[in-house]
DNA sequence: AATATATACCTTGACAGGCGAGGTATATTA
DNA sequence: TAATATACCTCGCCTGTCAAGGTATATATT
């Protein structure tokens, strides 16, 4: 079984921010990490991932910079901002509350 | 705080089916029940509710019939079908699994 | 008598996030 | 030389949510 789009929806940004909280990272790495950690039950599709990066950057929750790889494909790294950290905390709290409510309704 | 649309998304049908599992009911009653149970933190908007009823009925998960009220506004009652019950069980299981995954990613 | 509120249903069209399908480029392995 | 892995990106469709509007009946208030 894998997670449907509708359940994923609304959590993509929080998942990304959580990873960036640990350390700066780039799209491909974040995606691979999530797949491995969830044993392929959960996958952020590339289009989903990159559109989320755009939203987060526009909102000021992350900033990006190109890595200085001298070999291999270029990487665009992302870094979480102070407001991004606040947004993450709110989103996490919202998830905790929603979880409780849904548990009582489902 | 209230639950955002994006977190609600994908759970509306499961919430409705859960109520119908207890007993036949109608839109207004289901909506009221959910509001009261969650202390107004969670509310299915009418348009959302009725479009979910349409989907569920088209899919064969519920059937509807008009109540025989002799006074007051008419009510359209809904009843969960056998396949609806199966669908509910699957949805519930999916929620449990998604919950675990999200907890590890958020 | 007129107005407001509660009950109860419904439709239309806009919006936004997920994603399928397509693309580009570099490096390594078969 | 072809295939695979790494790594990025865009376009346009799809679908569920919901604001805004509507209809109708009954009761409570002014």
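Any read-out appearing in this document is the output of simple, stated calculations on the displayed coordinates, not a laboratory observation. Predicted model only: the values in this text are computed from it and were never measured. Note that we place each Cβ from the backbone using ideal geometry, even for glycine, and neighbour counts take in every protein chain shown.
In the Gaussian network model of chain A, springs joining C-alpha atoms below 10 Å, which of A:82, A:48, A:71 carries the largest mean-square fluctuation?
Judging by the Gaussian network model, the answer is A:71.
Sequence gap at least 6, Cα distance under 8 Å: using those rules, report the relative contact order of chain A to the nearest whole percent. Don't skip to the end; give the middle numbers.
On the way: 94 pairs, mean separation 30.0, N = 106.
Relative contact order here is 28 percent.
Quick one: B:23, B:64, fewest Cβ neighbours within 10 Å first, how do they rank? Intermediate results must be reported in sequence, preceding the final value.
Working: B:23 10, B:64 15.
Least crowded to most crowded, the residues run B:23, B:64.
Which three extents, in whole angstrom, do the alpha-carbon atoms of the protein assembly as shown cover along their principal axes, largest first?
79, 32, 22
What is the projected area of the convex hull of the Cα atoms of the range A:6-60, averaged over all directions, in nm²?
Details: hull surface 15.0 nm².
It is 3.8 nm².
Could you work out how far the C-alpha centroid of the range A:1-54 sits from that of the range B:23-55, in angstrom?
If you average the Cα positions of each part, the centres end up 31 Å apart.
In degrees, nearest 10, range 0 to 90: what is the angle between the Cα axis of helix A:82-105 and the longest Cα principal axis of chain A?
Value to nearest ten degrees: 30.
Please report, in cubic angstrom per residue, the volume enclosed by the convex hull of the alpha-carbon atoms of chain A. Show your work: numbers first, answer last.
Working: hull volume 12.1 nm³, N = 106.
Per-residue hull volume (Cα only) is 114 Å³.
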